[in-house]
Each structure stands twice: as structure tokens, then as C-alpha cells.
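Structure, as C-alpha cells:
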Amino acid sequence: MLKLIVFLGNYSPAYKRTRHNTGMMLCDRIKDSGLFPGNWQTKFHSQFCKNAQAVLLLPQTFMNVSGVPVREASSFFGIRPEDILVVHDDIELPFGTVRIQTGGGMGGHNGLRSVKQQLGTDNFGRLRIGVGRPPSGMEVADFVLARFSEIEEKQLPEILDKAAATALEYIAG
């Protein structure tokens, strides 16, 4: 059964190394795994590539409308919601925590909310990458749209490697 792996983030270069783009950062690690061809295509308001097991989808929309590309790609490839894994940042998990789950609340994450709305269900997988909570007095939006601290940046490669291994295990079944 073909799976769809969706890497959430904001496509604009201004957001490239921010917490909210953790999903997109993971896409680079998966690309480097050698399991997917280098020929990325543009369709579904996204960039995507495919092998026999999965479609990697990198939406080229803002986070709040990520569900549209997910719905378009899943419909085109005939992929059921339960065979979709959405990779995203999560402020409810401590920095560096990687957790996989199916269903559950949206936790205030507008990208997840958009996916749920477009699919009509929350019965899809999530690969949650913890970015921690904002410091006292800082707005959540400002926090997730900010870059990682210098210390966090040094730890990020190891965290992304762990998340990549989890995603590749999911793809393998």
C-alpha cells in the first residue's frame, strides 16, 4: 500500500530554519536516504517525489492551508488517510522529543487543522517533533516562527536523524 509522507512548514525562504519548518527540515534528511529518486516534480501546490512505497510531499503553501496539497495528492494517488504521515513541529513536546501517533487533537497547530479539515478526518499519522514551549511572556506564533537557539541548532542534526529513522521505519511498514 502506497503511503504519503507530508512535511509541514512555510515554503518562504524567510522561514527556512525556524521551529515551524522542522517538518521541511526533515524532508532533506529523507531525501538523502537514497530511497527516493532525485527527480522532484511540481504538482498539488507542492514538490513531490515517489518510489514504490511512498510519496514524499513538500507543500509549497503556507502552513495554514497545508491540507489542500495533502487532499490533492492523496486523491490523485488513491492514498487513504490512515496511510498518511504528517511530519510537524510540536510545542507540546519537549525540544528534541520525537513521537509518532495516529489521530488525536490538533494542539492548536494550524497545519494539522487544515489537513483534518481537507481530509474530513483526524485518522492520519503524525510524526511530532518537539520544539518545546515558548518562554514566559512570548507569543506562540513568535516562538515557532523564530530560529532555534545556538544550543538547539547544535542538537538539531541528531534529532532530525532520529526523526528520519522513525519516518523510514514507517515507510517500510
Which of the listed residues, L26, P13, P37, is farthest toward the dipole's positive end in the stretch 3-172, when Lys, Arg count +1 and Asp, Glu count -1 at the beta-carbon? P37
Percent antiparallel among DSSP beta bridges confined to the stretch 3-172, nearest 5, equals 50 percent
About the Cα centre of the stretch 3-172, what is the dipole size in debye to 20, counting +1 per Lys and Arg Cβ and -1 per Asp and Glu Cβ, all else neutral? 340 debye
Among K43/K116; K43/K162; K3/K162; K31/K154; K16/K43, which pairs are too far apart, with a Cα-Cα distance over 24 Å? K43/K162
Charges on Cβ only, +1 for Lys and Arg, -1 for Asp and Glu, centred on the Cα centroid of the stretch 3-172; of I129, V98, P81, which one is farthest towards the dipole's positive end? P81
Between 0 and 90 degrees, rounded to the nearest ten: what's the tilt of helix 67-77 against the longest Cα principal axis of the chain? 20 degrees
Output for the chain (equivalent-ellipsoid semi-axes, sqrt of 5λ from the C-alpha gyration tensor, Å, descending) is 24, 18, 15
Given the Cα atoms of the stretch 1-46, and with Rh set as the inverse mean 1/r over their pairs in the Kirkwood sense, what is Rg to Rh to two decimals? 0.98
Expected sort for 44-50, 3-9, 17-23 on mean C-beta neighbours within 10 Å, highest first, is 3-9, 17-23, 44-50
Treating only the Cβ atoms of Lys and Arg (+1) and Asp and Glu (-1) as charged, compute the dipole magnitude of the stretch 67-116 about its Cα centre; round to the nearest 20 debye. 120 debye
Which value in nm describes the separation of the simple spin-label points at E169 and E152, placed 7 Å from the Cα toward the beta carbon? 2.5 nm
Degrees between helix 150-172 axis and first principal axis of the chain (Cα, 0 to 90, nearest 10): 20 degrees
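Bear in mind that the values in this text are calculations on the coordinates, not laboratory data. Source: prediction; values computed, not measured. FYI the Cβ positions are ideal-geometry reconstructions off the backbone, even for glycines, and counts take in every protein chain you see.
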